[in-house]
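Q: Have a look at this one before I ask anything.
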Amino acid sequence: MREKTIHLLHYITGIGILVTGAIHLATVFLLSPYEASMSFDGHPFSVISVYRNILLAASLQALLIFVAFHGFNGVRTILSELYQGKTYLRIVNIAVTVAALAVVIYGTRTIVIAHLL
Amino acid sequence: MQEVRFRVFRYDPDKDGRRSYQTYTVPTFKGMTVLQGLLHIKEKIDPTLSIRFSCRMATCGSCGMMINGLPRLACYTLIEELKTRTITVEPLRNFPIIKDLVTDFEEFFTKHRWVKPYLIRLDTYEQEKSNVSYRQSDEELEHYIQFAYCIKCGLCYAACPVTATDKEFLGPQALAQAYRYYADSRDEGGVDRLRPLAEGSRLLRCHFAGSCSKVCPKGVDPALAIQLLRREVLLRT
Amino acid sequence: MSRLSIALKTWLIPVRYGLERWSYTLQRVSGVAIILFFVMHIAETGNVVGGPTVWTIPPYEYARQVWNETKEFLANPIFDIGLVLLAFMIFFHTFNGIRLTLVHFGVLLEKPKRPEYPYHPGSMSKAQRALFWLSIVLATAAIIYSLDVFFKVLQI
Ligand code: SF4
Ligand code: FES
């Protein structure tokens, strides 16, 4: 990808996190007491209830992808500012992509299975 | 007469190549600049000290150095205004050191040249042969004149936390000049000037730390130029 | 190695260069803190369905039990302190991020002008600096709120 495209995606995912992250924080802290949101079931916003709600689960999935992109792109930026060797930069790119994908895959598994549970 | 102590960075690759600090005591007078202090050392105390200067009036941009930790022009910094009894002078950060306070501007000027710091015209015949001048309104001039005040002193380059480690980043000075020519109504470079800047670390590594504008002795405000340039790059390429 | 020490020094010590440099350092530090938390958070919430080895739908009671054990493990004041600090980081990074996005498009900055001594760079505009302080205020409010949630000290 061109650096400019990545740069624009950094802003776009940032705005996406603002929306989906606000929903996430609201379900955990504002819409129900913290203890209730942390319990496995039994409350409207307890752990499993949130995952079973298709809209909230979709919002979590979006948040996962946005943060993974935004965060790991930040890591890539920092690492690319450290040193500029060609091989080094290629290794950084691959490592960061693999790490982001791993986190997204693991997180998606949690969301999908918890939704079906 | 008041005295100040100069703590001066010393380095001579031809002697022992060791980096050290040497302290000199210098008598001061009202209105004395750091450059005058250094010249006093060179003339009266230690002729081996190397410094670079020329105009003594903040115009040539040769005398940039770290004075008490900030990049400043030695000829433009009054000893009085520093308000310290000991003045530490070091060569500019982010530049290779040649000797003592003299730094190597090769990379800096290469980056400056890289942004094509001259008017690009589609009709080059007119540019070289014509005896009519390009017309420009006052308002058109305002778009870039601030950035044309740059004296290439390298202070912004020394202050920037990105240039410190990213050699691909063009640096505040070159990027400000890229915008200066892009924004000039007589220039016809247009998107062709922007396209190379959309790639890699050249422009987009600026994180708006603002340190360049903080230290610029001519009020050029490179940070502003870079953001205006980035808007064009993001929206037009 | 000297490259690394230069990097850490210039990135992490913002003194002398003014407010925008502080914003730069804080944004970077908070970003790194958040991504570290994010990875741990994804690992930790993986226990909702029974942990890293579970890739098909597990028995409901098993998942519930694993989650309750995880919750007990997480009920540790050290983690709570981490979350309180993280509340600051997240709120600062978010609102300063909005500020930076606007600034990167030239919004909030003054127009170029003829430089006249003493110089006032248009990039150090009031609007842009006000947003920086706003993000500090909101981040501090987030600290206070999370102290209340995690330690019940304030009883708001
Ligand atoms: S922009 Fe200012 S600090 Fe940078 S080289 Fe030009 S005059 Fe010097
Ligand atoms: S000697 Fe020319 S700028 Fe200082």
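The values are calculated or read from the model by the stated rules, or taken from the named source; none is laboratory data. Just so you know, these numbers come straight off a predicted model, no measurement behind them. So basically every Cβ, Gly included, is an ideal-geometry build from the backbone, and we count neighbours across all protein chains shown. SASA here: full protein model, heavy atoms, side chains in, ligands and nucleic acids out. Shrake-Rupley method; radii C 1.70, N 1.55, O 1.52, S 1.80 Å.
Q: I need the full set of residues from region B:63-99 which are assigned to a helix (DSSP H, G or I) and either at pLDDT below 95 or away from ligand 1 (no atom under 12 Å from the Cβ) (or both), in order please. Give the steps one after another, and end with the answer.
A: Narrowing region B:63-99 to residues assigned to a helix (DSSP H, G or I): B:74-76, B:79-82.
Those that are assigned to a helix (DSSP H, G or I) and either at pLDDT below 95 or away from ligand 1 (no atom under 12 Å from the Cβ) (or both): B:ALA74, B:CYS75, B:ILE79, B:GLU80, B:GLU81, B:LEU82.
Q: So A:ILE6 fits all but one of (1) open to solvent by less than 50 Å² (accessible area, probe 1.4 Å); (2) touching a residue at least 40 places away in the same chain (Cβ under 8 Å); (3) more than 14 Å from chain B (Cβ to nearest Cβ); what number is the exception?
A: (3)
Q: Residues that are among the charged types (D, E, K, R): list the helices (runs of 4 or more DSSP H) wholly contained in region A:18-117 that include at least 2 such residues. Break it down stepwise before answering.
A: Details: elements: A:34-38, A:47-52, A:54-82, A:86-116.
Correct list: A:54-82, A:86-116.
Q: If we only count helices (runs of 4 or more DSSP H) wholly inside region C:1-115, which ones have 2 or more residues that are over 26 Å from the mean Cα position of the chain (by Cα) and surrounded by 17 or more Cβ atoms within 10 Å (Cβ to Cβ)? It would help to see each step written out before you state the result.
A: Details: elements: C:2-12, C:19-45, C:60-74, C:77-104.
Output list reads C:60-74.
Q: Answer yes or no as to whether C:SER146 is facing another protein chain (nearest Cβ under 9 Å) and within 22 Å of A:VAL28 (Cβ to Cβ). Write out each step before concluding.
A: Details: facing another protein chain (nearest Cβ under 9 Å): yes; within 22 Å of A:VAL28 (Cβ to Cβ): yes.
Considered against the rule, which asks whether it is facing another protein chain (nearest Cβ under 9 Å) and within 22 Å of A:VAL28 (Cβ to Cβ), C:SER146 comes out as yes.
Q: Starting from residues that are within 16 Å of ligand 2 (Cβ to nearest atom) and touching a Pro at 6+ places or on another chain (Cβ under 8 Å), keep the ones in region B:193-223 and report whichever is farthest from B:PHE147 (Cα to Cα).
A: Residues of region B:193-223 within 16 Å of ligand 2 (Cβ to nearest atom): B:215-220.
Still in the list and also touching a Pro at 6+ places or on another chain (Cβ under 8 Å): B:215-216, B:218-220.
Details: B:VAL215: 14, B:CYS216: 11, B:LYS218: 9, B:GLY219: 8, B:VAL220: 5 Å.
Restricting to residues being within 16 Å of ligand 2 (Cβ to nearest atom) and touching a Pro at 6+ places or on another chain (Cβ under 8 Å), the top hit is B:VAL215.
Q: Just wondering, is there one or more residues in region B:85-93 that are outside the structural domain of B:CYS153 (by TED's automatic domain parsing) and in contact with a Pro (Cβ under 9 Å, 6 or more places away or on another chain)? Explain how you work it out, then say what you get.
A: Our first condition is that a residue be outside the structural domain of B:CYS153 (by TED's automatic domain parsing); within region B:85-93, this holds for B:85-93.
After this cut, where a residue has to be in contact with a Pro (Cβ under 9 Å, 6 or more places away or on another chain) as well, the list is B:92-93.
Yes, region B:85-93 contains at least one residue that is outside the structural domain of B:CYS153 (by TED's automatic domain parsing) and in contact with a Pro (Cβ under 9 Å, 6 or more places away or on another chain).
Q: Scan region B:144-178 for residues that are more than 9 Å from chain C (Cβ to nearest Cβ), away from ligand 2 (no atom under 16 Å from the Cβ) and open to solvent by 20 Å² or more (accessible area, probe 1.4 Å) and jot them down.
A: Correct list: B:ALA148, B:LYS167, B:GLU168.
Q: Related question: Checking B:GLY190 against (1) more than 16 Å from ligand 2 (Cβ to nearest atom); (2) closer than 22 Å to C:TRP22 by Cα; (3) more than 9 Å from every other protein chain (Cβ to nearest Cβ), which single condition isn't satisfied?
A: Result: B:GLY190 fails condition (2) only.
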